[in-house]
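Since the structure comes first, as structure tokens, the remarks are kept for the end.
The values are calculated or read from the model by the stated rules, or taken from the named source; none is laboratory data. Since the structure is predicted, the reported quantities are computational estimates derived from the model, not experimental observations. Because the Cβ atoms are built from the backbone with ideal geometry, glycine has one as well, and the counts that use them run over all protein chains shown. Only protein heavy atoms, including side chains, enter the accessible area calculation; ligands, DNA and RNA are left aside. Shrake-Rupley method; radii C 1.70, N 1.55, O 1.52, S 1.80 Å.
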Amino acid sequence: GQWDRGPPVGGGDRGDPASDGDGSGACWLTDNVDGNSDVDGGSTILTSNVLDATHSANEIPLLKYRRHYDNVFGNAPRADVFVVEISNDGGSTWVNLETVGPDGPEVEGGWYEKVFRIADFVTPTANMRVRFNASDLGDGSVVEAGVDGLEILMAICEPV
């Protein structure tokens with residue numbers, strides 16, 4: 001279940017996505033092969049390169065990405081989670097951005113676009129990183145995850 005980058009090849013069976021999330025043709029996926037290729041017996045972590053979220057006084061830095069997570073097949077469906085964390089010090093410390101699962105509609109696959117105001121979690125810096133942790137820690141769930149379209153955006157607030 002290690003992370004691979006490329007066009008999805010699993011065809012959408014067993015919880016993996018049939019296409020990428022942003023239309024570019026490629027994305028990050030957990031073990032991007034057809035068949036029984038999910039995360040098993042532990043965790044796999046995808047960590048971004050360093051991202052720059054420095055901003056001017058009238059800008060609000062936002063983090064945007066698309067994620068896919070499926071945890072509804074196998075011996076223990078809806079038993080695991082997908083954790084997204086953010087760091088403003090290059091990865092020395094981490095803060096939870098979101099935890100998906102173990103239950104709810106966003107554990108049934110499909111691409112979800114997420115946008116977060118970075119300052120709601122950490123002080124924006126030029127040394128930002130994001131990590132995505134997909135785990136199968138229970139009794140053999142089928143866990144499939146994907147990440148696509150990660151970017152820092154700036155919302156502009158004009159003075160009135």
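When the chain is modelled as a GNM with alpha-carbon springs shorter than 10 Å, which of 79, 134, 119 fluctuates the most?
119
At R0 = 25 Å, how high is the FRET efficiency between residue 40 and residue 64 if r is their beta carbon distance? Nearest 0.05 is fine. Please report the intermediate quantities before stating the final value.
Values: r = 30 Å, r/R0 = 1.20.
Working from the Cβ atoms, E equals 0.25.
Order the following by accessible area, largest value first: 120, 16. Probe radius 1.4 Å; ligands, DNA and RNA are ignored. Don't skip to the answer; put the middle values down first.
On the way: 120 100, 16 20 Å².
Sorted descending by solvent-accessible area, the residues read 120, 16.
Let me know the charge dipole size of the chain about its Cα centre in debye, to the nearest 20, where only the beta-carbon of Lys, Arg (+1) and Asp, Glu (-1) is charged. List each step's numbers first, then the result.
On the way: 10 positive and 27 negative charges, 88 e Å.
Its charge dipole is roughly 420 debye.
Among 15, 42, 101, whose mean-square fluctuation peaks in a Gaussian network model of the chain (Cα, cutoff 10 Å)?
42
Highest first, please rank the peptides 27-36, 138-147, 107-116 by the mean number of other Cβ atoms sitting within 10 Å of their residues. Numbers along the way, then the final one.
Values: 27-36: 19.0, 138-147: 23.1, 107-116: 15.8.
The packing order, highest mean first, is 138-147, 27-36, 107-116.
State, to one decimal in nm, how far the label point of residue 9 lies from the label point of residue 57, with both points 7 Å from Cα in the Cβ direction.
Between residue 9 and residue 57, the label points sit 5.4 nm apart.
Specify whether the C-alpha gyration tensor of the range 27-152 places it in the rounded, prolate or oblate class, a ≥ b ≥ c being the square roots of the eigenvalues: rounded for a/c under 1.5, otherwise prolate if a/b is larger than b/c and oblate if not. Could you put the intermediate results ahead of the total?
Values: a/c = 2.28, a/b = 2.18, b/c = 1.05.
In terms of gyration-tensor shape, prolate.
For 153, 46, give me the order by solvent-accessible area with a 1.4 Å probe, most accessible first, ignoring ligands, DNA and RNA.
Values: 153 55, 46 20 Å².
Reading off the accessible areas and sorting them downward yields 153, 46.
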